[in-house]
Every structure is written in C-alpha cells, then in structure tokens.
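The values are calculated or read from the model by the stated rules, or taken from the named source; none is laboratory data. Every value quoted in this text rests on a predicted model; they were computed, and no experiment measured them. Using ideal geometry, Cβ is built from the backbone for each residue, glycine included, and neighbour counts are taken over all protein chains shown.
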Amino acid sequence: MEKLVIAGSGPAGLTAAIYSARANLSPLIFEGPGPGGQLTVSHEVENYPGLEQPISGMELMDRFRKQAERFGARFDSGVVENVSKGNDILKVQAGYKIVETRALIIATGAEARRLPIPSEKKFYGKGVSGCATCDGFFFKDKKVAVVGGGNTAVQDAVFLTRFASKVTVVHRREYLRADPVEVQKAKMNSKIEWMIPWVVEEILGKDRVTGAKLKNPESGEMFQLECDGIFVAIGHEPKTEVFKDVVETDEKGFIIVQFGGTRTSTDGVFACGNCCDQEYKQAVVAAGQGCMAAMEVERYLGIKE
Amino acid sequence: MSKVVEITDQNFEEEVLKSELPTEVDFWAPWCGPCMMVSPIYDTLAEEYENFKFCKINVDENPETATKYQIMSIPMQMFFADGEKVDELLGAVPEQMIRSKVQEIMQRFPTDEKGRLKSILSSWIEHNKQDGEKLSKWMQKAQEIKNDSIYNSLLKTTSEMEKINERLSQLLGEL
C-alpha cells in the first residue's frame with residue numbers, strides 16, 4: 001500500500017514530490033504522457049524566481065525531478081487511466097498496474113487546445129504544429145503563421161523569426177491577451193505581420209500545408225494566406241477526463257478545490273497546478289500549489305494515523 | 001541487451017535500410033524538450049527487446065535524412081522493415097503506446113525463418129485475392145461487351161489463380 005501517489009510531473013506534481021519525499025512519504029509519481037509537463041516546450045524561462053539567467057523549461061524540469069529523486073521520490077512512466085475509491089483506500093490504475101494508496105495528488109495540468117477544424121488533424125506533423133521550439137527549425141526561410149493571441153502565441157511568433165522569413169500572427173479578436181512587454185517585443189520585429197481579427201477557416205494543402213483560408217469575423221471577408229507552417233497556440237484545457245468520476249469538476253473541466261487550498265470534493269484526493277487553476281497558469285503558482293498539496297496530504301495522513 | 005544506436009546521414013542506409021531486424025528511428029534534436037523526455041523510454045525498450053533495433057538520429061546534424069523523410073515535426077518515430085518505412089508515431093506518446101507499436105511491428109515482420117515465410121505466404125495470398133477481384137471486374141466488363149475470347153482467357157486465369165491460392169493456403173496451414 002502506498003501512502004501517496006502523484007499523477008503528473010510538471011512543476012505542481014514535482015514540487016509536491018519534493019515536499020512529500022522530504023517528509024518521508026516516499027511518493028510514487030506517475031509521470032503521464034508528457035514527463036516534465038508543458039514547461040518542457042518553453043525554450044526560455046525568464047520569470048521563475050531564483051533563475052538569474054534564463055534556462056530552458058526542459059532543464060528547469062530536470063532539476064525539479066533530480067531534486068525530488070534526491071529525497072526518495074519514485075517515478076513511473078505510466079499514465080493514470082482510472083481512479084476508484086473504497087473506504088479509505090484509493091485504487092489508481094495506470095496501464096496494467098493497479099496501485100492502492102491512502103492519498104492522491106492530481107497534478108495532470110493542461111494540454112494545448114487544437115483548432116476545431118478537421119483539416120488541422122489531417123496536417124498535424126505535416127506543417128501544423130503545437131510546439132514552436134520543437135519544429136521551428138524545419139521552417140528555415142519559409143513563411144509560417146501563428147494562431148492565437150496569448151503569451152505563447154506572441155512568444156512563439158518572436159521565436160519563429162529566427163528561422164522563418166515571415167511570421168503572420170492570426171488572432172480572432174482585436175485585442176491580444178499576451179503581456180504588454182511580450183506584445184511590444186513582437187510589434188518591434190519587422191518579420192512579424194498581424195492578421196487581426198481573423199480566424200482560420202480551413203488549412204490548405206495536398207500532402208503538406210501550403211496555406212490557410214482565413215475569414216474576418218466582423219466583415220465576413222475571406223483571405224487566402226500562403227504559408228508552409230501553422231503553429232497553433234490557442235490556449236489550454238485541463239487534463240482531467242479520467243478523474244471526473246472521483247472528484248467534482250466545473251463546466252470547463254477544471255477540478256474544483258477548496259478555496260485557498262488543494263482539497264477536492266473527495267477525501268484523500270488533492271489537486272494542484274493547471275488542472276485546477278484557470279487564473280494564473282504559471283509554473284511558480286503551480287509549484288506553490290504543489291507544496292500546499294504535499295503539506296495538506298501530510299496533515300491528512302497524520303490525522304488518519 | 002542492446003543500446004540505442006546513434007546514426008547519421010552517412011550510415012542511415014547501412015544501419016536502418018539494410019538492417020536485418022525491424023528498426024525504430026527516433027528523429028530528435030537537443031532543443032526539443034519533448035524529445036529529451038521520451039528518449040529514456042527508448043533506452044529501456046532497447047535493453048528489453050532483443051529482436052528489434054532502436055536508433056536515434058539528430059535532425060540538426062543530419063538534415064539529409066530528415067528532409068528525405070519529410071520530417072516537419074519532432075519527436076517523430078519511424079519504423080522500418082525490409083528496407084522500407086512501414087509505420088510512424090508522431091509526438092511524445094506514452095510508453096504503453098510505443099510498446100504496443102513495437103509489438104505490432106514485430107508480429108508483422110517476424111525475424112525467425114518460419115515467421116518470415118508465413119508472412120511472405122500470407123501477403124502473397126492477399127495480393128492474389130486483390131488481383132482476383134480486379135480480374136472479376138474485367139470479366140464482368142467482357143461479358144457486358146460480349147467479348148468471348150477475352151472472357152474465356154480471364155476465366156482460365158482466374159481459375160488457375162484460385163488453385164494457386166488454395167495451394168498457398170494449404171502450405172501456410174502446414175507451417
């Protein structure tokens with residue numbers, strides 16, 4: 001029987017691992033489909049406290065993990081697929097493994113939202129990408145589009161100018177959600193063009209992307225944009241599908257936690273990070289919540305014993 | 001017990017296309033976070049599976065192969081057997097998914113002699129069946145235009161092929 005299982009290995013899950021391992025709970029972490037979480041696709045993290053110089057998200061998460069390992073956290077590459085509860089025991093299933101545990105921390109985070117058009121799926125990996133850091137390299141001297149208006153989209157646009165000859169930001173609203181400092185950086189970049197407010201109606205091409213059909217939602221006007229790559233950065237949705245039978249979620253799928261804490265609607269189950277945070281979505285916030293979850297688990301198990 | 005083989009543009013043909021074993025190639029780059037996160041999975045699998053070869057190729061240093069296979073997104077895993085690309089997995093996918101893909105390919109492309117013979121025979125039978133369907137369509141056409149000589153020769157070919165397929169299926173059953 002485990003004392004604590006943690007689902008997810010981003011900043012929230014790994015901070016929970018560091019704190020609970022240091023408290024001798026010997027947590028078992030199911031890393032999930034993307035070990036290290038969403039931050040691993042950031043090429044530079046500048047705002048995480050304690051980093052005098054920016055480092056890659058991948059390196060930062062590697063440090064988190066090593067720190068947790070140092071205190072005895074155990075890692076499994078499995079993906080949690082089912083959770084059930086009986087009395088005080090939770091059964092967590094990941095692949096062919098079924099683990100019994102006293103407490104569970106859900107830190108599965110969120111995943112990139114995809115464009116709701118069929119042609120996006122068809123061209124995924126053939127010009128459509130969700131990761132500018134991974135795939136920008138393949139678009140040297142080519143034209144690309146970035147869809148979205150948040151921080152990721154604007155940062156991606158700037159990053160992609162390292163490779164592409166032209167980057168067009170396509171955003172459905174007049175106003176950009178991204179931080180003003182990021183927008184300013186992008187506005188100063190002469191390789192970036194703006195298609196605002198336009199939406200992607202269809203992605204065009206035969207075997208690979210050659211363009212996109214855009215529509216102006218205000219005037220109804222259509223425009224055909226020529227491009228070889230389309231980077232989608234239109235926000236994230238929580239990865240909470242498998243937990244919906246065990247804990248309460250809101251209409252968008254975010255896990256509902258007690259105000260100012262990490263307790264969910266079910267005893268022994270705690271949640272932290274982007275699977276329950278729709279407001280801040282920052283690594284440092286997720287880490288902070290991970291710490292809270294670990295401390296609340298400690299208290300919960302202490303009372304039970 | 002084996003390790004993931006680091007390959008290059010220069011030895012891709014030798015290591016992958018001429019490989020005796022079904023082979024997985026991980027297209028990766030050091031600046032790709034998800035690539036770094038999945039690569040340990042391949043290290044584990046390489047140690048586990050003896051009759052499967054695991055390779056990785058750095059797309060930054062080996063642009064030729066990446067261009068040849070039209071890589072536009074990484075991590076990309078391509079699977080090769082008998083000198084051809086036979087399947088692919090895009091993105092950082094869970095270990096379980098990679099495992100089942102490896103097993104599926106091992107079944108499709110067995111490495112022992114009996115297994116290979118079986119797979120050759122069954123693909124032969126499959127091909128014949130497809131040709132048989134084409135032939136019957138032509139027979140219909142010949143009937144419509146009332147061309148007896150073509151119809152008869154098609155009929156003869158079809159019945160010969162059916163006999164061959166019977167014999168092949170029998171052989172397959174005996175194996």
**Prompt:** Would you pick out the residues in the range B:77-128 that are among the β-branched types (Val, Ile, Thr), more than 14 Å from chain A (Cβ to nearest Cβ) and assigned to a helix (DSSP H, G or I)?
**Reply:** B:102, B:105, B:120, B:125
**Request:** Just give me the residues in the range B:70-87 being buried (at least 17 other Cβ atoms within 10 Å of the Cβ) and within 24 Å of residue A:41 (Cα to Cα), in sequence order.
**Result:** B:71, B:72, B:73, B:74, B:75, B:76, B:77, B:78
**Asked** Counting only residues that are polar (S, T, N, Q) and under 14 Å from residue A:12 (Cα atoms), which one in the range A:34-71 is farthest from the other protein chains (Cβ to nearest Cβ)?
**Response** A:67
**Message:** Looking at residue A:135 and the list (1) of a type in the set (D, E, K, R); (2) under 15 Å from residue A:233 (Cα atoms); (3) away from chain B (no Cβ under 14 Å); (4) not in a loop (DSSP other than H, G, I, E, B), which single condition is not satisfied?
**Reply:** (3)
**Request:** Have a look at A:92, A:83, A:99, A:144 and point out the one that is in contact with a strand residue (DSSP E or B) (Cβ under 7 Å, 6 or more places away or on another chain), closer than 18 Å to residue A:234 by Cβ and modelled with pLDDT of 95 or more.
**Result:** A:144
**Request:** State all residues of the range A:221-238 that are touching a residue at least 60 places away in the same chain (Cβ under 8 Å) and surrounded by fewer than 22 Cβ atoms within 10 Å (Cβ to Cβ); if no residue qualifies, say none.
**Result:** A:225, A:226, A:228, A:234, A:235, A:236, A:237
**Every pair of residues 6+ apart whose Cβ atoms lie under 6 Å, when the first sits in the range B:134-146 and is farther than 17 Å from residue B:161 by Cα while the second is among the β-branched types (Val, Ile, Thr) and in a helix (DSSP H, G or I)** = B:142/B:150
**Request:** Output the number of the condition that residue A:162 fails; it satisfies all remaining conditions of (1) closer than 28 Å to residue B:67 by Cα; (2) without any contact (Cβ under 8 Å) to a residue 24 or more places away in the chain.
**Result:** (2)
**Cross-chain or 6+ apart pairs with Cβ under 7 Å, the range A:104-124 first and within 9 Å of residue A:275 (Cα to Cα), then in a strand (DSSP E or B) and of a type in the set (Gly, Ala, Ser)** = A:106/A:7; A:106/A:271; A:107/A:7; A:108/A:7
**Request:** Report the residue count in the range A:250-262 for those that are within 29 Å of residue A:156 (Cβ to Cβ) and either among the small types (Gly, Ala, Ser) or touching a strand residue (DSSP E or B) at 6+ places or on another chain (Cβ under 8 Å) (or both).
**Result:** 4
**Request:** Could you tell me which numbered condition residue B:51 fails, if it satisfies all but one of (1) surrounded by fewer than 16 Cβ atoms within 10 Å (Cβ to Cβ); (2) without any contact (Cβ under 8 Å) to a residue 60 or more places away in the chain; (3) within 30 Å of residue A:76 (Cβ to Cβ)?
**Result:** (2)
**Prompt:** Got a sec? Which of A:222, A:195 is at pLDDT 95 or above and touching a Lys or Arg at 6+ places or on another chain (Cβ under 6 Å)?
**Reply:** A:222
**Request:** Answer yes if at least one residue in the range B:106-124 is β-branched (Val, Ile, Thr) and touching a strand residue (DSSP E or B) at 6+ places or on another chain (Cβ under 8 Å), and no otherwise.
**Result:** no
**Prompt:** How many residues does the range B:138-175 contain that are of a type in the set (Lys, Arg) and closer than 24 Å to residue B:115 by Cα?
**Reply:** 2
**Prompt:** Within the range A:115-126, is there a residue that is in contact with a helix residue (DSSP H, G or I) (Cβ under 6 Å, 6 or more places away or on another chain) and either within 14 Å of chain B (Cβ to nearest Cβ) or modelled with pLDDT of 90 or more (or both)?
**Reply:** no
